[in-house]
Each structure stands twice: as structure tokens, then as C-alpha cells.
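Bear in mind that the values in this text are calculations on the coordinates, not laboratory data. Worth saying up front: this structure is predicted, and the values here are computed from it rather than measured. For neighbour counting, all protein chains shown are included, and Cβ atoms are generated from backbone atoms with ideal geometry for every residue, glycine included.
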Amino acid sequence: MSEVQELVLNKWELLCWHTPETIDRIMLNIRKRGMMLESLDYKKIDAERAICVITFEDTWTSANRIFSNMQRIEDLIEIKRLD
Amino acid sequence: MANKVKLKGARYIIRILELLEFKDIFAYPGGAILPIYDEIPYSKMRHILVRHEQAAAFAAEGYARVTGKPGICLSTSGPGATNLVTGIADAWADSVPMIALTGQVMTHLIGTDAFQETDMTGISLPITKKAFIIKHLKDAVKILTEAYRISMSGRPGPVVVDIPRDVQGAEIELEEGWEKFVHVPTIERLAKADKTEVEKAIELLTNAQKPLIIAGHGNLLSDSWKEIREFVKKEQIPAISTILGIGVFDSSDPMYFSWLGMHGMKYANDAVQEADVIIALGIRFDDRITFKLDKFAPKAKVIHVDIDKSENSKNVRTNAFIHSDLKVFYQTFPSTLNESNKQVRANWLNHLNTQRAKYPIKPAKNEKFDMITALCTLRKNLPEDVIITTDVGQHQMWTSQYMTNIKPNHFLTSAGLGAMGFGFPAALGAQTAWQNKEVWSINGDGGFQMNSQELITLVQDNLPVKILILDNQYLGMVRQWQEQFYAKNYSGVDLKNPDFVKLAEANHIKAVAVDNVEDFELAIKQAQQHKGPFLLHAKVLKEENVLPMVAPGTSLSETIYYSELDFDPRAEEKVSKSKVEVL
């Protein structure tokens with residue numbers, strides 16, 4: 001039997017290129033798993049870039065895979081864990 | 001001051017595509033793309049008029065897979081655009097560079113639920129690297145050049161560019177000579193390998209007792225097959241490949257032990273389970289090769305080299321991840337072969353050779369006309385540089401097993417998405433790119449019917465694709481699973497088929513049907529001698545199962561091999577002691 005993992009609150013900061021689809025591409029990695037964000041704070045920081053801080057609950061293992069998936073976003077410059 | 005010129009949007013877009021050196025476009029017209037179509041007759045690009053947009057997307061993929069350049073497809077808005085989706089998803093799954101151009105309703109109608117309006121950039125979001133809308137013509141060069149660059153750079157993939165109809169119809173004022181500022185983007189090879197990770201990899205490989213290379217599609221996408229062949233030879237490390245890695249190695253290379261996975265070679269699967277260090281080169285550890293992750297390569301430390309850092313420990317935990325373009329990696333990674341591990345590697349290689357001789361794939365039994373016999377007969381009659389496309393299902397697995405010695409980027413199959421209907425239009429695309437090469441589209445009877453409407457496209461556009469339908473009157477792979485895992489409760493798999501010869505003839509294509517090996521061989525020659533497209537309908541045995549097989553929920557260690565009854569004992573005599581695996 002697989003071990004039941006505890007849900008943890010994940011808080012990540014994503015530095016992105018500011019484009020029409022940036023938020024959608026961040027959200028789709030959460031949405032496609034049938035999950036929801038606890039919060040999303042998106043701010044344009046200069047003419048071309050934005051910072052997005054998201055929080056969501058998930059197990060450590062599953063969150064790690066989402067973290068990997070996020071890195072395939074073309075508009076992502078850097079992703080940091082704040083949790 | 002430079003003189004000004006005025007261009008209609010559609011003309012401007014077509015001219016940009018020409019300047020980006022697109023030569024062929026797979027397309028289907030409709031209302032929201034009419035201004036572009038108004039310019040197509042004056043373009044240098046060859047326009048291939050498919051009969052369904054899905055085929056345009058698959059054809060663009062076929063084109064991209066054989067040329068290494070982005071394939072381009074074009075459709076109208078709404079249903080035209082949504083029909084492209086499966087092909088776009090296929091390109092995403094197999095990392096194929098593609099640009100899908102879609103018409104869109106006029107800008108002021110977006111959001112009104114206008115006729116043939118769909119949110120194409122939204123729909124394609126999860127299956128594209130990037131989706132653009134050209135809202136203003138002044139952005140067209142930047143967007144189309146960027147679409148090209150993104151589709152090709154890093155891990156390749158599809159990009160959608162949605163163009164509202166009013167933008168296509170608008171005018172733009174440009175400075176004379178604007179064209180000299182449009183260039184095919186230079187694709188830089190990424191080399192971000194972390195020194196610590198490289199050192200870890202060197203140490204792991206140097207001390208390995210049973211090192212094994214798994215080579216994937218990344219080697220073909222990065223144009224690195226020559227380098228990996230040299231790397232393997234220099235390092236004396238045996239190699240296997242994924243299905244998409246077929247063609248990376250020459251099948252006769254003594255260091256190459258064929259491909260692994262659900263229907264891979266037993267000796268390749270076993271090698272993974274025995275290896276103590278795996279060096280995975282341009283692969284993504286698909287579940288069809290790993291199965292139960294905790295039982296995959298249980299003894300191995302894993303070195304993973306990939307251009308996409310999102311693959312780092314995504315599925316299989318890696319001990320060293322080298323983030324690099326493969327060509328750069330092969331050019332810079334130091335040799336780990338030394339006096340102390342030379343013999344160790346030779347012993348491991350000998351062991352794998354013994355395993356290969358012990359567990360070959362089943363030879364063709366020429367006394368009955370099954371798919372294996374048909375494929376072996378076909379292979380021996382094909383030229384060295386033949387391009388093969390497969391559809392999806394049993395014939396795909398057998399083609400992968402028996403069509404050996406295929407050149408790099410000459411074996412096209414839908415691996416990640418497993419999209420039935422892929423093979424025939426992909427062959428159409430490949431033939432468009434390579435007019436003078438022999439292109440064979442190998443299909444099952446089910447998958448062929450998913451895009452059989454393209455028969456007439458071959459005729460209209462003079463594409464001499466040779467089509468083989470291996471007809472067992474079943475959706476064979478589904479039937480096999482129902483036999484093995486659902487107590488033979490065959491449901492929805494029995495196919496009442498059309499007369500494929502008459503279907504071909506109705507489309508002005510020469511065709512024959514055969515039901516035995518002798519006639520089949522004659523028909524192959526007839527197809528090859530015929531200058532145009534040709535359809536060969538092979539009526540093969542109905543209920544055959546693809547083996548070897550790893551059942552779902554198990555591991556590579558539990559690869560099901562042939563039973564003694566299933567295996568022709570004469571094969572033992574024919575198996576070469578060294579490396580021949582297909583008789």
C-alpha cells in the first residue's frame with residue numbers, strides 16, 4: 001500500500017516574462033490536476049517582466065512534480081520556493 | 001529617407017514566412033483565413049491542400065521530423081483550428097518543432113460567440129510552447145520569428161499563431177527594403193551543465209561495473225547521432241534506445257542493443273534492471289519504459305543529460321543531472337574509459353551479447369502470412385534510405401521491432417501521444433520534404449481509416465507515397481489487451497472494413513490486395529516500380545499478439561517472452577552468435 005502523504009502549504013515565487021498567457025500557463029499546472037490555488041499575487045515589475053507568488057496545498061512529492069512542470073513554461077525566467 | 005511601401009496584411013505575413021525559408025505549407029481554407037488564401041497563389045511556398053485539418057498538422061509533423069525544421073500548417077478559425085489540435089498535441093508529446101497558423105474572427109467580434117469563433121490560444125495552451133495572437137501587423141515579424149525560434153530552441157515543440165481576419169486584411173506601411181531585416185533565427189545550443197553534476201557523472205561512470213546508455217529522441221532532435229555513436233565507441237558502454245530513438249544507432253552496431261519498453265527487447269529491458277549506472281541521453285522516462293517507478297532500474301544510479309531542466313527527477317530520481325544540448329555534451333564530456341574499467345566494461349558487454357543471443361525476437365514464419373512475415377518481407381525489399389511512418393497499435397510495435405537499419409530521422413511514429421491516424425498524413429508530409437526518397441506508410445486497418453481521406457491529396461499533389469495496410473480486421477492492440485486482461489471479452493474491436501483497393505481506385509490510386517507472402521513480395525516490387533502513389537492491402541492473420549510485453553502494473557523484470565510453442569526452434573540455429581537480431 002502506498003504511504004499517505006501529508007498536505008503541505010507550498011509558496012513559490014515565479015519571475016516571468018509579462019505576456020498575455022503567463023498567468024494561464026502558471027495556473028494550468030495546478031488546474032489540470034483538479035487542484036486550486038490558495039492565492040495568486042501577480043505584479044508587473046517593469047516593461048517586460050512580472051513576479052507571481054502562488055500558494056497551494058499539496059503533498060511534497062506531487063508539488064515537486066508541479067515544480068518540474070513549471071520549468072517547462074517558456075515565459076518562466078526563474079522559480080523559487082519560499083516555503 | 002527611405003521610400004515607403006504599402007502591403008496588405010496577408011501578403012506581408014506570407015512574405016515573412018517566405019523570408020523565414022518556409023517552403024511547404026499544409027493547409028485547408030475557410031472564411032477566417034480567406035485573405036491569406038487570396039495571396040497563396042502568388043507565394044513561392046508550395047501549398048498542400050489536405051482534406052482534413054488534422055492531416056495538415058500530422059503532415060507538418062512528418063515534414064518536421066524528417067527535415068529538422070519546423071513544419072507549418074494552416075487552418076481557418078473555429079472547427080478548422082480545433083481539428084489541428086490532435087496534431088499539435090502529438091508534436092508537444094514528441095517534442096517536434098511545428099508552427100500552427102490559425103485564422104481568427106475579426107478582432108471586434110472576439111468574445112461575441114461569432115460564427116466559427118473559438119479561443120484557439122486558450123485551447124492550445126497546455127499543448128504548445130507558446131501561443132500568440134497577431135493583433136497588429138507591426139508585430140508580425142517579431143511574432144513569426146519568435147514562433148520559429150521557440151519551436152526550435154531548447155526542447156522543440158509546437159507554437160500556435162492566431163491571426164484575426166481583419167489583421168490579415170489590413171494594410172501596413174513599411175520602409176522599402178524591410179525584407180533584409182527578416183532572418184531565420186539562429187538557434188543557439190544550450191550548455192548550462194553544472195560542473196559539480198558533471199564531476200558526479202564522471203565519477204559514477206568511471207567506477208561503474210555495468211554502465212548502460214539509454215538514448216532517446218533528443219539525439220535526433222539535436223542532430224547528434226554521429227556524436228553519440230562515437231561516444232559509445234570511445235567509452236565502450238553498451239547502448240539501448242527508446243522507440244523514438246530508433247535510428248540514432250545503426251542496428252548492426254555491436255554496441256547497440258535495440259530498444260526497451262512495453263514491447264521492447266527482453267534483453268534490453270533486462271539490461272536496465274541489471275545496470276548499476278544508467279546514463280540517459282535525451283529521454284524523458286515515459287511510463288511505457290519505466291512502469292513501476294520503484295522497480296525501474298533498481299540497482300542503478302542515474303545520470304540524466306537533457307536540454308529540458310524540467311525533466312530533472314520528474315519521473316525517475318537522478319543522481320546527476322546535466323543540463324545541456326547533447327551535441328555540446330558529447331563534445332565536452334571527458335572519456336571515462338581507463339585501464340582499470342576497460343575489462344569490466346568488456347565483461348558487461350559480453351554478458352549482454354549472451355543475453356541477446358538467448359532472447360532474440362521471434363523470426364518470421366514464412367509459411368503463414370502474419371504481420372511479422374509481412375514486415376520482414378517488406379524490409380528486405382526496401383532501399384537503405386527508406387522513410388518509414390507507422391500508425392499506432394500492433395503494427396507499430398512490430399514495425400519498430402523488425403524494421404531495422406533505418407537512417408536517423410527516417411522512422412516516424414507517434415510515441416508519446418499514441419495518436420491513431422498519424423502515420424498516413426505524416427508520410428505525406430515526409431514525402432513533400434523528400435520528393436525523391438521512397439516513403440512507406442505502414443498502417444493498421446483501424447488507424448488508416450482515421451485519415452484515409454488524404455488518398456486524393458497524394459494524387460493532387462503528386463506525392464508517390466507507398467501505403468501498406470496490414471489488415472487483421474481488428475483494432476489489434478485493443479483486442480490483444482482484451483484477450484490478456486479482460487478475459488477475451490472483445491468489445492468494439494471487430495472491424496468491418498471497406499474494400500481498400502476500391503477505395504484507392506476511387507481516388508485514382510493504383511492498388512492490390514494480397515493474402516500470402518509470394519503475392520505480397522510481388523506487390524512490393526509493383527509498388528516500387530509504379531511512379532505514383534500505391535496502396536498495398538495485406539490481409540494478414542487475425543489474432544496475433546505482440547511480444548515481448550511488459551504488462552501494465554508490473555516491471556521491466558517481468559517482461560513476458562514467447563512461449564516455447566510460439567517460438568520456432570529453428571530460429572536458434574539462425575541466431576548469429578554476435579549481433580543479428582532479425583532473421
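When +1 charges are put on Lys and Arg Cβ atoms and -1 charges on Asp and Glu Cβ atoms, the dipole computed for chain A relative to its Cα centre reaches about 140 debye. Counting every alpha-carbon pair across chain B, the share separated by more than 45 Å comes to 19%.
Ignoring the sites themselves, what is the longest stretch of chain B with no GluC sites (Glu not before Pro) in a DSSP loop and at most 14 other beta-carbon atoms within 10 Å?
Free of exposed loop sites, the longest segment is B:189-366.
In terms of its Cα atoms, region B:29-100 spans 33, 27, 17 Å along the principal axes, sorted from long to short.
With R₀ set to 25 Å, the beta-carbon distance separating B:D38 from B:Q435 gives a calculated FRET efficiency near 0.35.
Straight-line cross-link reach from B:K365 at under 17 Å between alpha-carbon atoms covers these lysines, not counting any fewer than eight positions away in the same chain: B:K380, B:K539, B:K542, B:K574. On C-alpha positions alone, give me the angle between the axis of helix B:423-433 and the longest principal axis of chain B, in degrees, nearest 10. Helix B:423-433 and the main axis of chain B meet at about 70 degrees. Going by the alpha-carbon gyration tensor, a ≥ b ≥ c the square roots of its eigenvalues, is region B:240-346 rounded (a/c under 1.5) or, if a/c is not under 1.5, prolate (a/b greater than b/c) versus oblate? Here region B:240-346 falls in the rounded category. Annotation for region A:45-68 versus region B:469-526: alpha-carbon center distance of 49 Å.
Report, in debye and to the nearest 20, how large the dipole of the protein assembly as shown comes out about its Cα centre when Lys and Arg carry +1 and Asp and Glu carry -1 on their Cβ.
The dipole of the protein assembly as shown has a size of about 1000 debye.
Across every direction, the projection of the convex hull enclosing the Cα atoms of region B:177-292 has a mean area of 10.1 nm². If only the Cβ of Lys and Arg carry +1 and only the Cβ of Asp and Glu carry -1, the dipole of region B:254-373 around its Cα centre is close to 280 debye.
From its DSSP helices (H runs of at least four residues, each -39,500 (n - 2.57)), chain B gives a residue-normalised ellipticity at 222 nm of -10000 deg cm²/dmol.
Multiplying each eigenvalue of the alpha-carbon gyration tensor of region B:331-380 by 5 and taking the square root yields semi-axes of 39, 16, 6 Å, largest first, rounded to whole angstroms. To the nearest Å, what is the center-to-center distance of region B:1-36 and region B:186-240, using C-alpha atoms only? About 42 Å separates the Cα centre of region B:1-36 from the one of region B:186-240.
Taking the square roots of five times each eigenvalue of the Cα gyration tensor of the protein assembly as shown, the equivalent ellipsoid has semi-axes of 40, 34, 23 Å, listed largest first.
The loop-placed chymotrypsin sites (Phe, Trp or Tyr not before Pro) in region B:272-305, going by DSSP, include none that has at most 16 neighbouring Cβ atoms within 10 Å of its Cβ. By the count of other C-beta atoms within 10 Å, a proxy for reagent exposure, B:M1, B:M262 are ordered fewest to most as B:M1, B:M262. Taking the DSSP beta bridges with both ends in chain B, the antiparallel portion is around 10 percent. Computed from Cα positions, the angle between helix B:225-235 and the longest principal axis of chain B comes to roughly 30 degrees. Applying 1/(1 + (r/R0)^6) with R0 = 56 Å to the Cβ-Cβ distance of A:K11 and B:A506 gives a FRET efficiency near 0.35.
Ordered by the count of other Cβ atoms within 10 Å of each Cβ, fewest first, A:C16, B:C376 give B:C376, A:C16. Here the gap between B:D253 and B:K23, fully extended at 0.36 nm per residue and compared with their Cα-Cα distance, gives a gain of 79.2 nm. Between B:K525 and B:M106, the C-beta separation translates, for a Förster distance of 41 Å, into a calculated FRET efficiency of about 0.15.
Each of B:T186 and A:R33 was given a label point 7 Å from its Cα along the Cα-to-Cβ line. The distance between the two points is 4.0 nm. Pairwise Cα distances in region B:253-312 exceed 15 Å in 53 percent of cases. The mean of 1/r over all distinct Cα pairs in region A:1-52, once inverted, gives the Kirkwood hydrodynamic radius of 12.8 Å. Projecting the Cα atoms of B:G532, B:V514, B:Q480 onto the charge dipole of region B:476-534, computed from C-beta unit charges around the Cα centre, puts B:G532 farthest toward the positive end. Over all directions, the projected convex hull of the C-alpha atoms in region B:268-421 averages 11.9 nm² in area. Principal semi-axes of the equivalent ellipsoid, √(5λ) from the alpha carbon gyration tensor of region B:55-164, are 23, 15, 11 Å from largest down.
The alpha carbon convex hull volume per residue for region B:381-485 rounds to 106 Å³. When the charge dipole of chain B is built from unit charges on Cβ atoms (+1 for Lys and Arg, -1 for Asp and Glu) and taken about the Cα centre, the candidate among B:A131, B:S452, B:Q401 whose Cα reaches farthest toward its positive end is B:Q401. When the protein assembly as shown is described by a simple charge dipole with +1 on each Lys and Arg Cβ and -1 on each Asp and Glu Cβ, the residue from B:T102, B:S414, B:S222 located farthest towards its positive end is B:S222. Cα centroids of region B:412-450 and region B:87-116: 23 Å apart. Computed over all pairs of different Cα atoms, the Kirkwood value for the hydrodynamic radius of region B:492-548 is 12.9 Å. Rg over Rh for region B:427-537 works out to 1.03, both radii taken from alpha-carbon positions and Rh defined as the Kirkwood radius. Against chain B, whose longest principal axis comes from its Cα atoms, helix B:9-19 is set at around 40 degrees.
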